[in-house]
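The next block holds one structure in the form of C-alpha cells; read it before the comments.
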Amino acid sequence: MPLDSPSLIVGNWKMYKTREEALDYINELAEKVKGTSNEVVLAVPFTILYSAAKAAKKTPQIKISAQNMNDAKEGAFTGEIAAKMLTDAGARYVILGHSERRRYFGETNEFINHKVKRALKEGLIPILCIGESKEENESGKREEVLRAEILEGLADVHLKDGKELILAYEPIWAIGTGVHAGGKEAEEAHSFIREVLKEKFGDEIASHIKILYGGSVNPGNTKELLTGKNVNGLLVGGSSLDVNTFDHIINFNKQVNE
Ligand code: PGA
C-alpha cells in the first residue's frame, strides 16, 4: 500500500494481559491514535473483549477482535466460544487459522473454513492467517502452500452483500523469531495472494480484500514492509504488547518526519 494510504494495524496480544492492564493500554492508545489515519484493531483474550470494546467505543479508530472461535452456532462444546458470543461482547473481527492454532491445536484448512463461514454469517470480519514454514519456504513450496490455504480455507465463501474478509500473510519462520520478510519478499507473496484471490472472487472483490503482513514486525521495519502496493497493513504480535512500541508502528510516518 502506498505509504500515504491508511493501513490497518492489528495488534495480536495472544495470551497476555489482564483486564486492568488492557484498560490502561487502551486509554493510552486512544490519545496516541488521534493523529493517525491508520485504523487500529486489538485482538485481545476472550476475558478482555467486553471491557476492551467498551473502553474503545469512544475512539472510532480502535476496533476489537477475538483471536479464535468455534465453528458451531452453539452447543455442548465445553470450553469453546461461539461467534455470536464474540459479537455480543463487542468484537468486530476474529483472527482465524493463526499458525499457532494450526500447529499446537491441530487446526486444519477444513476446520478453519467452517469457522470463516460461521464468522461471516454472524457478522464478524475474519482475519484469515496463512503462511509457509521455513522448510516449505526453502524448498520453494511457498506458493503451493499459500494457494491451498487460501482455496481450502475459503471454499464456498462468496463475499456477497459487501461482506468483508481480511487475509494475513504470516510466514511461520518470521513469527516471534525476530527474522522478518524483506519488503520486496513480502510484496512478492502478497501479490501472489492477490492473484489467487482474483481467481477465486474476481478482480473487483479481490482488489478490496486487505492483505496484512505479520511476523516480527517492529517500529524499525514498518516503513519497509508497508511500501509494497499489496501490503495493506500489519499483524503485530510481540511489538503490540507495549503501547509505546505499538504507537511507533501505528504512527511510523510521524516518527520518521519528526
Ligand atoms: P510476532 O507475532 O509479531 O511476535 O512475530 C505475529 C503474530 O503471530 O501474529
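What value, in deg cm²/dmol to 500, does the helix sum -39500 (n - 2.57) over DSSP H runs of n ≥ 4 give at 222 nm once divided by the residues of the chain?
Taking each H run of at least 4 residues, the total per residue is -11500 deg cm²/dmol.
What length, rounded to one decimal in nm, is gained on full extension from Lys163 through to Ala30, with 0.36 nm per residue of separation minus their alpha-carbon distance?
45.1 nm is the gain from fully extending Lys163 to Ala30.
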* **region 237-253 residues near the modelled Val179 label - backbone nitrogen below 19 Å, point 7 Å along Cα→Cβ** => 237-239
* According to a simple spin-label model (label point 7 Å from Cα along Cα-to-Cβ), what is the distance in nm between Glu152 and Asn218? -> 3.4 nm
* How big, in percent, is the set of alpha carbon pairs in the chain lying more than 22 Å apart? -> 52 percent
* Asked: Going 7 Å from the Cα of Thr59 toward and past its Cβ, which residues in region 3-38 have a backbone nitrogen under 11 Å from where you end up?
  -> 23-36
* Asked: Computed on alpha carbon atoms, what radius of gyration and Dmax characterise region 146-258, expressed in Å?
  -> 14.9, 48
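Got the relative contact order for region 8-257 handy, in percent, Cα pairs under 8 Å and 6 or more residues apart?
Values: 460 pairs, mean separation 48.2, N = 250.
Averaging sequence separation for qualifying contacts and normalising by length gives 19 percent for region 8-257.
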* Asked: Pairs Lys198/Lys254; Lys57/Lys210; Lys17/Lys200; Lys54/Lys115: which are spaced more than 27 Å apart, C-alpha to C-alpha?
  -> Lys198/Lys254; Lys17/Lys200
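Values in this text are rule-based calculations from the coordinates and carry no lab data. All of these numbers come straight from a predicted model, not from anything done at the bench. All Cβ positions, even for glycine, are placed from backbone atoms using ideal geometry, and neighbour counts span all protein chains on display.
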